[in-house]
Amino acid sequence: MGRADPEEGQPPAPVKPPDGGWGWVVLFGCFVITGFSYAFPKAVSVYFKELMKDFHVGYSDTAWISSIMLAMLYGTGPVCSIMVNQFGCRPVMLIGGLLASAGMILASFTTNIIELYLTAGVLTGLGMALNFQPSLIMLGTYFDKRRPLANGLAAAGSPVFLSSLSPLGQVLLEKFGWRGGFLIMGGLLLNCCTCGAVMRPLDMGMKRKTEKAQDKYEAKEMLPIGGKSEEGISTTDGTKKAKKAKKKPKKGKKLLDFSIFSNRGFIIYTISKFILVLGLFVPPILLVNYAKDTGVPDTEAAFLLSIIGFIDIFARPACGMVAGLKWVRPHVAYLFSFAMLFNGLTDICSARASNYTGLVIFCVFFGISYGMVGALQFEVLMAIVGSQKFSSAIGLVLLIEAFAVLIGPPSAGRLVDALKNYEVIFYLAGSEVVLSAVFLAVATYCCLNRGKEEPPPEKNPSTGGGSDTEEAESDVQEAEEHSSDNHQPTHSTDNAVVAASEDTNHVAEEQSGEGGGCPEGDGEVLARDGCNTDQTVERDSF
């Protein structure tokens, strides 16, 4: 009776997120995956000096290992979306964990830098990409009301793992060399398989319970009390088989949903995120060299990144808690704009810092703003497209960000080599981040909120509504089909029941002609007598 059956080619009805329970285990798995995905490419840099000595290459050659990892993490987004939509999150994450581990293990046996690019760069990067994106998708299915907090806690995995993997890599390098370190790192990446194993699909048990309850309800509604139950059951089974035969030719599930580009909010978010990535990663990449050029010792210059990471650990969960407040969550896009504006102004105001104290102050404020951006970026995307289309949306967004990652930091490095001036780079990066914040806020207000403020035109029940979308019309049509199907089995039951039903339907039609539809509050009663509750819900929602 109107239930979407997966066997008939229709997508199953979405299950309500539990906002807890097994979701906390999923959150911990997402925390670990996020930490490996973002921190691992940076932690590998501790091995670069040894690689330069063994392979007789320069620093730029070894830096390509981290660049290839990040390029695979961002650039393979659509591939991950297609695999998730086809096979599900858990199998994709298990394969990704094996690939990431195999890449580092094979890298420990390489004999030249090209082999390192293919193993540690391509293979490990692809494995982490196949883990990162599905973990965020699963997080969105398990959390709704607490989703901002969940996103903030999961995003905190990046600074936590960065502060732990880098010292661990240094210890492994001193005791076992870079080959032993790569081998042990590959073993650590097998934990991604464990995280993938706990990503249990949410609708497995819930769907079975729902189907059983609905079958019992159908039997009670369609069969009279006492008498001819066997005849009614056989008629019901025949009706279900006939409906399945009619609904067999259905379209398959889209592997990559490009219809999200018709969503204006998604277009605005994508453009803003592209501009943001152009300048967001430039300051932390150039910070250590900038501090050294101002006369700061090497150890103190390296400690600046630790300050950013320590502040970032607490900023992300705190920002997630703020974003989850009732009066903040409807305006989370503006909070994201504020975080970007805060980050951009921090870059601009700190461009002329000439002593260690000024750089420490910059690191504190940059850590706060950077943590806010990291905690809100995927929460805003989930709020825009919803959990059903998030798998396709994040893949396309990461692909677009990949181009910005390949443009921003390398261009900044070339400008430093040409101008020998870090001040201009900080001004430029800060301006790009500020521009993205202003664009997101202004476009959201002008293109989205103004449309919401306009009151929708009143519907005339006699005409069925003149401005419904195609999706609403198809839903109403399908609801009418189900309503007509529900009346067919009653002809095989008692005649008295049929006559009573027809009389009640006649009264309901007269009321709908005089009063304009079903009266409020009587939906459950009239549903049994012929008034379609699905239609009432659709009209009220529009």
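Annotations for the structure displayed:
- Point-to-point label distance, His56-Val15, nm (Cα→Cβ direction, 7 Å offset): 6.0 nm
- Accessible-area rank, largest first, for Cys446, Cys89: Cys446, Cys89, with all protein chains present and a 1.4 angstrom probe.
- Farthest toward positive dipole pole in the range 256-450 [+1 Lys/Arg, -1 Asp/Glu at C-beta], among Ala383, Phe338, Ser436: Ala383
- Share of alpha-carbon pairs per 10 Å distance bin for the range 16-216, given as whole %: 9, 34, 31, 16, 7, 2, 1, 0
- Summed residue charge, Cβ within 13 Å of Ser431's Cβ, Lys/Arg positive, Asp/Glu negative: -3
- Residue-level accessible surface for Asp347, protein heavy atoms, 1.4 Å, Å²: 0 Å²
- Overall form of the range 256-450 per C-alpha gyration tensor (a/c, 1.5; a/b vs b/c): prolate
- Using heavy atoms of the protein chains and a probe of 1.4 Å, the accessible area assigned to Ile267 is about 60 Å².
- Ranking of Cys349, Cys30 by solvent-accessible surface, largest first: Cys349, Cys30 (1.4 Å probe, protein heavy atoms only, all chains present).
- Site pair Phe176 and Val438 shows an inter-label distance of 5.1 nm when each label is modelled 7 Å from Cα along Cα→Cβ.
- Paramagnetic reach from Ser431 in the range 328-366 [backbone N under 18 Å; point 7 Å along Cα→Cβ]: 341-353
- Rounded FRET efficiency, nearest 0.05, which uses the C-beta distance separating Leu406 from Asp293 and R0 of 35 Å: 0.85
- Loop-resident sites, the range 51-112, for chymotrypsin sites (Phe, Trp or Tyr not before Pro), counting at most 13 other Cβ within 10 Å (DSSP): Phe109
- Relative contact order for the range 16-216, counting Cα pairs under 8 Å that sit 6 or more residues apart, in percent: 39 percent
- Dipole of the range 16-216 [Lys/Arg +1, Asp/Glu -1 at C-beta], most positive-end residue of Ser158, Leu27, Asn112: Leu27
- Inter-site label distance for Lys420 and Phe109 at 7 Å from Cα along Cβ, in nm: 4.9 nm
- Segment Val360..Val198, full-extension length gain: 54.3 nm, with 0.36 nm per residue of separation and the alpha-carbon distance subtracted.
- Charged side chains reduced to their Cβ positions (Lys and Arg at +1, Asp and Glu at -1) give the range 259-337 a dipole of some 580 debye around its Cα centre.
- For the range 102-122, the residues whose amide N sits under 16 Å from a probe point set 7 Å from the Cα of Trp64 along the beta carbon direction are 111-122.
- Share of carbon and sulfur in the accessible heavy-atom surface of the range 30-171 [1.4 Å probe, %]: 70 percent
- Inter-part distance, the range 354-433 to the range 272-338, computed on C-alpha centroids, equals 8 Å.
- Difference of contour (0.36 nm per residue) and Cα-Cα distance, Phe87 to Phe261: 60.3 nm
- Note on the range 16-216: with charges restricted to the Cβ of Lys and Arg (+1) and Asp and Glu (-1), its dipole about the Cα centre is near 780 debye.
The values are calculated or read from the model by the stated rules, or taken from the named source; none is laboratory data. The shown structure was predicted, so the numbers you read here are calculated from the model rather than taken from an experiment. Heads up, the Cβs are rebuilt from the backbone with ideal geometry, glycines too, and the neighbour counts pull from every protein chain shown. Heads up: the accessible areas ignore ligands, DNA and RNA and are worked out on the full protein's heavy atoms, side chains in. Shrake-Rupley method; radii C 1.70, N 1.55, O 1.52, S 1.80 Å.
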